[in-house]
Amino acid sequence: MQRAWNKSTRLIFVFSIIFTSCSSVFIDIIKVSPDLEATKNIDLYTSREEIKKPHGAVAVLHSQRFDCSLKLQNRILKKAISIAKKNGGDALVYYFDYREKDLYALPDEKCYFSGLVIKYLTDEIVKKYNIKVE
């Protein structure tokens, strides 16, 4: 009996180490629009100047600081895209801010994610939400 308990204890310990070592980063969401229907496709931009269609803000996204590994950046970007879709966005303008502004940041360097979820102002959206386009 003692031996089986030790094996299960070890197994639980190993799994807890594995699951807690996979770091995740929380993304704050500041919603600035009415509730919109979820979307299936998101355009990605790294600058607002790239957007050629009239648009409005849906939400502002911001992460806590995290280790700047490309693997973690990709996970955060996927999470942000999912948030944008759920909140009815048509596009996401995003930026990873590096302390050193180094695209090849070292693993111990910290950075954070910022994003702006936008909705294209189609005639249908403008009428439905009574939006003034200037």
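Some values worked out for this structure:
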{"item": "Enumeration of residues in region 52-72 that are touching a residue at least 40 places away in the same chain (Cβ under 8 Å), within 20 Å of D97 (Cβ to Cβ) and of a type outside the set (F, W, Y)", "result": "A57, A59, V60, L61, H62, S63, Q64, R65, D67, C68, L72"}
{"item": "Boolean, T39 is hydroxyl-bearing (S, T, Y) and in contact (Cβ under 8 Å) with a residue 24 or more places away in the chain", "result": "yes"}
{"item": "Some residue of region 45-53 being of a type outside the set (A, V, I, L, M), crowded, with 17+ Cβ neighbours inside 10 Å, over 23 Å from E134 (Cβ atoms) and at pLDDT 95 or above", "result": "no"}
{"item": "Odd one out for D35, checked against (1) surrounded by fewer than 10 Cβ atoms within 10 Å (Cβ to Cβ); (2) modelled with pLDDT of 95 or more; (3) not small (G, A, S)", "result": "(2)"}
{"item": "Filter result for the condition that a residue is at pLDDT 95 or above, closer than 16 Å to T122 by Cα and polar (S, T, N, Q), over N41, N87", "result": "N41"}
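The values are calculated or read from the model by the stated rules, or taken from the named source; none is laboratory data. From a predicted model like this one, the values you see are computed outputs, not experimental measurements. Glycine gets a Cβ as well: all are built from the backbone with ideal geometry, and neighbour counts include every protein chain shown.
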